[in-house]
């Protein structure tokens, strides 16, 4: 029996693995800027916003800050960035509209088809640092057929803290060895593997745009290595219709 | 604008409202008994097992006992009941098989069709005292198309404690007034309404079998009163395909 033969649930990193956050952000930021007559390098703005993601969560992981959901961290990072760019005078509903771009990210082209195949054989869930309200709205808009929504908020711990993986396996009534994390990021998989999870690496070569330098190859012999959810469904024995 | 026009999510009581726990329990208990040559009144056994449900949760609600998921409470109640009936010598895997009958309950005939209509317009979720692992397995077997799984375990509080309703609304990024509880039980709706939820009463006249005496009518003017999820979908403005 292969290690992955024991898997009962596949849980997915979302930003970068399931959805193309960068293109979606650039598209919406550009449309917003055009409507307001604001001309900036929105690709750079998107990358700088994402750049504030890990530092904002690190405040929570370190214990310096009480539990705070990602929507609130995204909003604070945005406000700081708007100030840095000298963009002033936006109304609250405009800040809300921009913050919730993260609810409206488009999936990679293979994501929905692969998930539909996997769902017939496995429990499929998010395992994202996005909050529950963000992830469920994204799923409904994008047609992501999750069985349930798990992540940082259901564990009250942000990946890569081990509690995030362990507590969410417990919510599924599963041992970590029965759960497989699917992610486009070697560091997420390494943290999951340390808690006993199985691992599937899905290479997303353009997550960070044309100049991407990280996560272009598997840094370890993960249980599955592929470059799409179709390849993942094949590797996990889920028949095409 | 009617109160229900503001509703963004419908959350459902499950045991009795979505699934017919009693018939499902009797069917599986009878099959198990026949296989083992055990002859008992399995309808009575089912009712007595369900009768231990509220007292077992009350230990947790009162604070006398640390947080314990419903699968564990169901198992303890079952073991006590088997002992009371003088049924001895079952193996652990048999106890597990019986405990997880609660994962294999059949939906009422209107449930899936109504949920599919409601899902196109609203976030739809469980709001059950069942644990997450129980509810997701039930959903996959029965084809219940939840957007996510919420309940006692995600709030770490059992209904009708107000924290269960309030914390799960927070997980949805919603004010309680934007969430509607759907339930076949007046007391559940009353507790939800006290926290600001909207309410839909779905009468299930045979939840407790032919002699049912409770919850046969609405005890208050709930926002919606109906007797099926088809009627609920109609009341909530969800078109037939």
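The values are calculated or read from the model by the stated rules, or taken from the named source; none is laboratory data. Since we're looking at a predicted model, the values are computed, not measured. A quick note on method: Cβ atoms are made from the backbone with ideal geometry, for glycine too, and the neighbour counts reach across all protein chains shown.
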**OP:** Only residues that are surrounded by 14 or more Cβ atoms within 10 Å (Cβ to Cβ) and within 15 Å of residue B:155 (Cα to Cα): list them for the range B:53-76, please.
**Re:** B:57, B:60, B:61, B:68, B:69, B:70
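So that you can scan it fast, the table gives a plain yes or no per residue for (1) closer than 20 Å to residue A:173 by Cα; (2) more than 15 Å from the chain's Cα centre (by Cα):
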| residue | (1), (2) |
| --- | --- |
| B:55 | no, yes |
| B:62 | no, yes |
| B:65 | no, yes |
| B:82 | no, yes |
| B:95 | yes, yes |
| B:108 | no, no |
| B:117 | no, yes |
| B:122 | no, yes |
**OP:** Being in a helix (DSSP H, G or I) and at positive phi is the filter here, so list the residues in the range B:31-71 that pass it.
**Re:** none
Subject >> Only listed residue being touching a residue at least 40 places away in the same chain (Cβ under 8 Å), touching a helix residue (DSSP H, G or I) at 6+ places or on another chain (Cβ under 8 Å) and assigned to a helix (DSSP H, G or I), chosen from B:124, B:101 >> reply: B:101
Original post:
Listed residues B:174, B:216, B:150; which is assigned to a loop (DSSP other than H, G, I, E, B) and either closer than 20 Å to residue A:69 by Cα or within 14 Å of another protein chain (Cβ to nearest Cβ) (or both)?
Top reply: B:174
Original post:
Considering B:157, B:139, B:169, which residue is part of a loop (DSSP other than H, G, I, E, B) and either within 14 Å of chain A (Cβ to nearest Cβ) or touching a residue at least 60 places away in the same chain (Cβ under 8 Å) (or both)?
Top reply: B:157
**OP:** Considering only the range B:88-131, state which residues are loosely packed, with under 15 Cβ neighbours inside 10 Å and either modelled with pLDDT under 95 or away from every other protein chain (no Cβ under 14 Å) (or both).
**Re:** B:88, B:89, B:91, B:92, B:93, B:94, B:95, B:97, B:109
Subject >> Test result for residue B:113, in contact (Cβ under 8 Å) with a residue 40 or more places away in the chain, in the same structural domain as residue B:25 (by TED's automatic domain parsing) and in a helix (DSSP H, G or I) >> reply: no
Original post:
Residues in the range A:180-194: is at least one within 16 Å of residue A:110 (Cα to Cα) and loosely packed, with under 12 Cβ neighbours inside 10 Å?
Top reply: no
Original post:
Which residues, counting only those in the range B:177-213, are assigned to a helix (DSSP H, G or I) and within 19 Å of residue B:124 (Cα to Cα)?
Top reply: B:177, B:178, B:188, B:189, B:192, B:193
